[in-house]
Structure formats: C-alpha cells, structure tokens
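What follows is one structure encoded as structure tokens, with my remarks underneath.
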Amino acid sequence: MGLIIENITSQPYHEVLHDYIFALLRMNQSFLSQYSNPAIQSDYPTAHLYMDDLKIKIDDYRSFSSFYAGGQTVCTSEDLLIFMKALVNKQLVRNDILDIMHQWNNMWIGVDYGYGLMRMRFLPFARKYIGWGHLGASGSFMLYVPNMDVYLMGSFNQTAYQAKSMNVIFWNVLRKLAKCAERSNDFL
C-alpha cells in the first residue's frame, strides 16, 4: 500500500503521512521511525518494544516485522485520539469509503477484519461492547465504541500482550465505564 501511495502522489511515504495526515490534523508528535521526525520533538523518548524479556530500542532499528508502511509509525496516545476522532467524524475519508472499510469478515472469534480496520465484539450479543479501530502486535489498541461514545488508545509495548490488551479493554475499562454510566443514570 505504501508503494501505491508513493506512486500516486510522487512523494515518499513518510512525506505523504506528514503532508496529508499529521500536519492536517496537527498530530505534531507523530512520525515514521527511521524516515522522519515529529513536527514537535517530545520531551520523552520513544517507548521501547518488548518481545517477552528482550527490550528493543525502536529508534535503533530500521527494520523489524512491521517495517515502513506496514506499521513503523510512532504516535503518542494523544495523536492517536486525534486520528481516530478524525476517522470517526469522516475528516480523513468520505462516508462511502468508511462504509467500505467497515465491510467485516470474520478473523477469529470476536474479531472481524475490514479494509484496514478491525471490529471487536467483546460480548457476542451485546451491541454496547462492539468497538472498531485496530489492535497492534505490541498490545497496542486504538478503538472507538459507538454505543458508549468512547475512544480507547494505548499500548503495553509487549508483543506477548496482544490478547491481554483485549481483556484489559473489556474487563478493566468498558465494563467499568458501563457500570459508572448505569450508576449516574440512577441518579438522574
């Protein structure tokens, strides 16, 4: 996909990210590792990635399994929230394109895959807990849960935590948010 984008725009992929997404949305601390720099340098270092006990300093490696357009983009949680809100509110793609991206196919139990997006069905028959966005190989997540109007983003930076991130999202976040909402409705 990155090569197609470069061919269509006649620009390197990292420049397209900055020109068409990061600058447009003011995602000032996002960049493509090894290829570009953020518009505003963070006071904090890029987080390390862990493969079990092995610590990987992302800034030191040009290539690993999610290279270049395959996932080497570095973002803060704040920038991910900006991106996801723009996607949900159709600032990045037209409504008809987002509808196509939401054409879901079963990936595994509780997870469907569309065009560049994933849908999580945390409880099979509870629409309240259906979210869409994406899960990453490092236990990272960027999700929107429409029935609760909740955005969730974060990362464990640990490849062994892919499944754990889904458990944390459902048991520690969504269920607790639903209980808080139920309690506040009791008082209204």
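Please treat every number below as a calculation from the coordinates, not as lab data. Because the structure is predicted, anything quoted here is derived from the model rather than measured. With ideal geometry, Cβ positions are generated from the backbone for all residues, glycine too; neighbour counts draw on all protein chains shown.
Could you give the length gained on full extension between residue 101 and residue 77, defined as 0.36 nm per residue of separation minus the Cα-Cα distance, in nm? Could the numbers behind the result be given before it?
Numbers: separation 24, 0.36 × 24 = 8.64 nm, distance 2.27 nm.
Using 0.36 nm per residue and subtracting the Cα-Cα distance, I get 6.4 nm.
Go through 85/164; 57/179; 85/179; 57/176; 90/176 and tell me which ones have a Cα-Cα distance over 31 Å in this structure.
On the way: 85/164 25 Å; 57/179 39 Å; 85/179 24 Å; 57/176 34 Å; 90/176 29 Å.
57/179; 57/176, as the Cα separations exceed 31 Å there.
Whole percent per 10 Å bin, from 0 to the bin with the longest distance: what is P(r) over all C-alpha pairs of the stretch 37-99?
Result, from short to long distances: 17, 37, 31, 14, 1 percent.
How would you rank 153-163, 118-128, 73-83, highest first, on the average number of other Cβ atoms within 10 Å across their residues? Mind showing how you got there, number by number?
Numbers: 153-163: 16.8, 118-128: 14.4, 73-83: 19.0.
Highest to lowest by the protection proxy: 73-83, 153-163, 118-128.
Provide, for q = 0.10, 0.18 Å⁻¹, the log10 of I(q)/I(0) from a solvent-free Debye sum over equal Cα point scatterers in the stretch 1-132.
Here the Debye-derived log intensity ratios amount to -0.41, -1.22.
If a/c stays under 1.5 just call it rounded; otherwise compare a/b with b/c (prolate if a/b is bigger, oblate if not). Do that for the stretch 121-188, with a ≥ b ≥ c from the square roots of the Cα gyration tensor eigenvalues. It would help to have the intermediate numbers written out before the result.
Numbers: a/c = 2.35, a/b = 2.04, b/c = 1.15.
Here the stretch 121-188 falls in the prolate category.
Excluding residue 31 itself, calculate the net charge of residues whose Cβ lies under 12 Å from the Cβ of residue 31, where each Lys or Arg counts +1 and each Asp or Glu counts -1. Write down the numbers at each step before the final one.
On the way: positive: none; negative: 15, 59, 79.
Spelling it out: positives minus negatives among the neighbours equals -3.
Determine which aspartates and glutamates satisfy two conditions relative to residue 128: a Cα distance under 12 Å, and not lying fewer than 8 residues away in the same chain.
149
Which value results for Rg/Rh of the stretch 69-188 when Rg is the Cα radius of gyration and Rh the Kirkwood radius based on the inverse mean 1/r? Display every interim value, and only then the final one.
Working: Rg = 14.6 Å, Rh = 15.1 Å.
My calculation of the ratio gives 0.97.
Within a Cβ distance under 13 Å of residue 171, other residues only, what is the Lys/Arg minus Asp/Glu net charge? Please report the intermediate quantities before stating the final value.
On the way: positive: 164, 175, 176, 179; negative: none.
Taking every other residue near residue 171 into account, the sum is +4.
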